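Contents: one structure, followed by commentary.
The values are calculated or read from the model by the stated rules, or taken from the named source; none is laboratory data. Since we're looking at a predicted model, the values are computed, not measured. Please note: Cβ atoms are built from the backbone with ideal geometry, for glycine as well, and neighbour counts cover all protein chains shown.
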Amino acid sequence: MAGYLVEDTRKVTTSRLAEMKRQGKKIAMLTAYDYTMARIVDGAGVDVILVGDSASNVMAGNYTTLPMTVEQMIYHAKSVVRATERALVVCDMPFGSYQVNSTEGVENAVRIMKETGCDALKLEGGAEIIDTVRAILAAGIPVCGHLGLTPQSINKFGTYAVRAREEAEAERLIHDARLLSDAGCFAIVLEKIPAALTERVCREVSTPIIGIGGGPADGQVLVIHDMLGMNKGFSPKFLRRYADLDAVMTDAIGRYVTDVKSGDFPNENEKY
Ligand code: KIV
């Protein structure tokens, strides 16, 4: 694996993630939805690539993640898997593909695994989906949980505000994290909850905890379009922007337009 930015180029597995938590090594996770982006993300040393249903927002322009279908997730995950050598690839199960019952959940989980070649799946929810989580795990499929702000339930929440500020919801979240951990999930994403609650879950649950808007955890995940500055309209407090690709791309594309219109492109060296 030439060109990798990390020394340890072994393929990341779920057991490596558990080992990283035990050794206090942080886990870096990022989303990707297509071949080219996944190749760059993998090469830069990200441990886990999430083919998130946030593709609905950043790829398709929808307001929520609800419209994503199993077929669309398979298309994105297949493209990412083709590009990835080192990272563990996790695919989101889309809204409606696992909430009806366990049988349907396992059927869709098996289909996504078979058709994409991804390494694991992510499902949103705790006690309400625990039977399905157990059934998917029993089929031999690694599962990542997702608690706190679970975007597939946005219509129930009615807001993208911070979750579990109140004691009752915080206790429910800790109970759910224990359920998912005891069931055998290899990781749990905690989204947009108070940092003190994330810290408590990290301490009390042996499963690696990946935060997004939840303060320090065993690892972090961000949506790649957000951290690269391609999504100007989205700037929550938790987001750290590592680039301003909107500006870089707008400048490059603007110069291309100017060159085409002026006749400067293509020049003598750029033709056959
Ligand atoms: O779909 C997604 O990108 C996610 C992350 C925000 C964790 O679930």
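Below are the figures for this structure:
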{"item": "Boolean, ARG165 is assigned by TED's automatic domain parsing to the domain that holds GLU85, surrounded by fewer than 17 Cβ atoms within 10 Å (Cβ to Cβ) and more than 17 Å from THR69 (Cβ to Cβ)", "result": "yes"}
{"item": "Any hit, segment 182-192, residues being β-branched (Val, Ile, Thr), crowded, with 21+ Cβ neighbours inside 10 Å, modelled with pLDDT of 95 or more and assigned by TED's automatic domain parsing to the domain that holds ILE129", "result": "yes"}
{"item": "Residue that is farthest from the ligand (Cβ to nearest atom), among those in segment 178-192 that are within 18 Å of the chain's Cα centre (by Cα) and of a type in the set (A, V, I, L, M)", "result": "LEU180"}
{"item": "Selection within segment 45-99 - surrounded by fewer than 22 Cβ atoms within 10 Å (Cβ to Cβ), of a type in the set (Gly, Ala, Ser) and in a helix (DSSP H, G or I)", "result": "SER79, ALA83"}
{"item": "Subset of segment 142-158 (residues that are surrounded by fewer than 19 Cβ atoms within 10 Å (Cβ to Cβ) and touching a residue at least 24 places away in the same chain (Cβ under 8 Å))", "result": "SER153, ILE154, ASN155"}
{"item": "Subset of segment 193-252 [within 11 Å of the ligand (Cβ to nearest atom), part of a loop (DSSP other than H, G, I, E, B) and small (Gly, Ala, Ser)]", "result": "GLY213, GLY214"}
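To keep it simple, each residue is scored yes or no on (1) without any contact (Cβ under 8 Å) to a residue 12 or more places away in the chain; (2) closer than 19 Å to ARG22 by Cα; (3) in contact with a Ser or Thr (Cβ under 7 Å, 6 or more places away or on another chain).
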residue: TYR160; (1), (2), (3): no, no, no
residue: PRO194; (1), (2), (3): no, no, no
residue: VAL201; (1), (2), (3): no, yes, no
residue: ILE212; (1), (2), (3): no, no, no
residue: ALA217; (1), (2), (3): no, yes, yes
residue: LEU222; (1), (2), (3): no, no, no
residue: ARG241; (1), (2), (3): no, no, no
residue: ALA252; (1), (2), (3): yes, no, no
